[in-house]
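See below for the structure under consideration.
Coordinate-derived values only; no laboratory data. Fair warning: this is a prediction, and the values are worked out from it, not measured in the lab. Please note: Cβ atoms are built from the backbone with ideal geometry, for glycine as well, and neighbour counts cover all protein chains shown.
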Amino acid sequence: MRQRLSSEPDRYRGRRRVPTPPRSRYAAVVTSAFVGAGIVALGAGAMPDAKSVSPSVLDELRQASITSQDAAARADAAERATRSDARGAEAGTNAQDPWLLPMQGYDFNSPYGVRWGKLHTGIDLVAPEGTPYVAIHSGTVTKAGWFGGYGNAVIVQHADGSEAIYGHSSAVSVREGQQVKAGDQLGLVGNTGHSYGAHLHLEVHVKGQPLDPVPWLQERGVDIKLQVEAYYTEAAAS
């Protein structure tokens, strides 16, 4: 067999093998040994005869472990808070400023749309005269009193610029300029103005234009037809 010259390249099954420099191998062995010693020291931190690691190194390793666990706990808490905020946004609700139904136990009588040749710009919720109704969202009362065909009416302007009009009231319970929160009583169901029976006429205006309140409120977690509020549904689930 011919002796391989030292100048010939080292070969291994037809593939070129780059020899590992001795210094690199030494560094890898030392690094592995140090990491292994650190892990053993952590596991044996309570043992008084851990002679291979000095007390100062043990203290540093323990402190690093505690700091790492604390950081992980904070990160986990932040992630849970972010997920909670995301769920609240998807539901269209805010515990501090929710969107609500104007009252409970009504009959959905007349939808938004053309009626008798004219656009019915709101929805009618039939309830006995004198039934209290409330603000669907927080805002400022810009009208409280007689308002033409709406009879006794309340208008609330919300922070996003939208407005809610509550018409045909038998009485109003607020004054103009008053700040109200979602769920505050605004008035009593009535039959004033151009009305044909006791009911609450509810309109929603955005940039001065009336919109169908049903899909608009659904986007905010309120189903006016099914009489469901996402705010209370979430509160019960939690």
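Summing +1 for each Lys or Arg and -1 for each Asp or Glu among the other residues whose beta-carbon sits under 10 angstrom from that of GLN157 gives -1. Each principal axis of the Cα atoms in region 118-225 has its own extent, and those three values, largest first, are 31, 30, 22 angstrom.
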